[in-house]
Amino acid sequence: MATLIICIILTVSAAAMSFYSLLYGTALAFLALCTAGLLPGVTLSLTTYIFWGAAMLTAVALCCVLPRPIALSRKGVPYIAGASLAGSMAGMAAGSGAATIIGAVAGALLGGVAYGQTPAGRALQFPSPKFFNYLCAKGLPAATAMSMTALATGILTAWSPS
């Protein structure tokens, strides 16, 4: 029961933190997925842990190597993270991990485009290389975090105590 509660707290924290800091949101999402794999009766393959661990490390490394002003910028992050969450949940409803990832990436792209059309987002000059660089810098960690959050949510909703 404690594992279930910890998993729920980590999953909700990962989704919420992704709107504030994609670095912490991605790390929490991976912890939530790992904790979901510890639930009784749930079996995640080693490949799953390696894939999502590598994705998390890539997103965290990207956040760490970005220039400081871009790494600390939160411009459009709520748009990108929110749309990525919606896309990953829609993909999860389709019933496959690939659909979850595709939904998260499509959501991040659409969220970035939506932000680019706002008065505050016009500074990114959609469609320009500056806009797409910023979208990749914020969209990859958001899509990674929201995909793992959706997968952990799917495990939680399908899990029943034995």
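The values are calculated or read from the model by the stated rules, or taken from the named source; none is laboratory data. Treat the numbers as computed from the prediction; the structure is a model and nothing was measured. A quick note on method: Cβ atoms are made from the backbone with ideal geometry, for glycine too, and the neighbour counts reach across all protein chains shown. Protein only, heavy atoms only, side chains kept; ligands, DNA and RNA dropped before computing areas. Shrake-Rupley method; radii C 1.70, N 1.55, O 1.52, S 1.80 Å.
Brief remarks follow.
- Pairwise FRET efficiency - residue 158 versus residue 74, Cβ, R0 = 22 Å, nearest 0.05: 0.05
- These residues, 122, 68, go from largest to smallest accessible area, 1.4 Å probe, as 68, 122.
- Candidates 95, 103, 87: whichever shows maximal mean-square fluctuation once the chain is modelled as a Gaussian network with Cα springs under 10 Å: 95
- When nucleic acids and ligands are ignored and a 1.4 Å probe is applied, residue 64 ends up with an accessible area of around 90 Å².
- In Å², nearest 10: area of residue 126 left accessible to a 1.4 Å probe: 80
- Here the gap between residue 58 and residue 93, fully extended at 0.36 nm per residue and compared with their Cα-Cα distance, gives a gain of 10.0 nm.
- For the chain, built as a Gaussian network whose Cα springs stay under 10 Å, the top-fluctuating residue of 88, 21, 96: 96
- Accessible heavy-atom area order of 89, 56, highest first, probe of 1.4 Å: 89, 56
- If you take the Cα centroid of segment 28-88 and the Cα centroid of segment 134-153, the two points sit 5 Å apart.
- Computing Cα extents along the principal axes in Å for the structure here picks out one of (1) 54, 30, 25; (2) 43, 33, 29; (3) 53, 32, 29, namely (1).
- The 1.4 Å probe gives accessible areas that order 5, 80, largest first, as 5, 80.
- For the chain: accessible area per residue (Å², 1.4 Å): 50
- A 1.4 Å probe, protein heavy atoms only, puts the accessible area of residue 47 near 100 Å².
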